[in-house]
Every structure is written in structure tokens, then in C-alpha cells.
Amino acid sequence: MVEMQPGDGVLYRGIDLRHGRTQPNPNQWSAHLFLFWVERDGPFAQHAFDAQRLRSELKRVSNLDA
């Protein structure tokens, strides 16, 4: 467990570590930044440039409602 204070930040590999809050956020607000990446020679390297495929799929799905 990593105990944090206001203003702290932490980087971790969420795919490898269980993560989440153990108690409700006591602050009136919070900001979150999520960064997603794949390792160049890692097991998911083939997904490195999925953004174009995702945009294409989102466009296809949005046309289903038309």
C-alpha cells in the first residue's frame, strides 16, 4: 500500500498491481491523469498504434444509431 498526501503522485503498472482507494476521498475535489502505453518490445507491442483503429471503430459504432 502507498499512503499519499494532497499533492502526491505515483506511477505504477496497473496491469501488474491491484489498485484503488481503501477509503473515500476526503477532499472536495481531485484531479486524475491516466497515461496508457505499451513497451516497444513487450507482449502488447502490436497494439502501439491502435488509436487509428479505435477512431475508425468509434465512427462505425456512431453510425449504427443513424
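Residue under question is G9, and the condition is that it be surrounded by 10 or more Cβ atoms within 10 Å (Cβ to Cβ) and modelled with pLDDT of 80 or more; does it hold?
No: the conditions fail for G9.
Of (1) at pLDDT 80 or above; (2) within 16 Å of the chain's Cα centre (by Cα), I15 satisfies all except one. Which?
All conditions are met except number (1).
Of the residues L35, L58, which is without any contact (Cβ under 8 Å) to a residue 60 or more places away in the chain, under 19 Å from the mean Cα position of the chain (by Cα) and outside any loop (DSSP other than H, G, I, E, B)?
L58
Mind listing just one residue for me: the one in segment 14-66 that is of a type in the set (G, A, S) and more than 26 Å from V2 (Cβ to Cβ) and, of those, surrounded by the fewest Cβ atoms within 10 Å (Cβ to Cβ)?
Among those residues, the one meeting the criterion is A66.
The values are calculated or read from the model by the stated rules, or taken from the named source; none is laboratory data. All values derive from a computational prediction rather than experimental measurement. With ideal geometry, Cβ positions are generated from the backbone for all residues, glycine too; neighbour counts draw on all protein chains shown.
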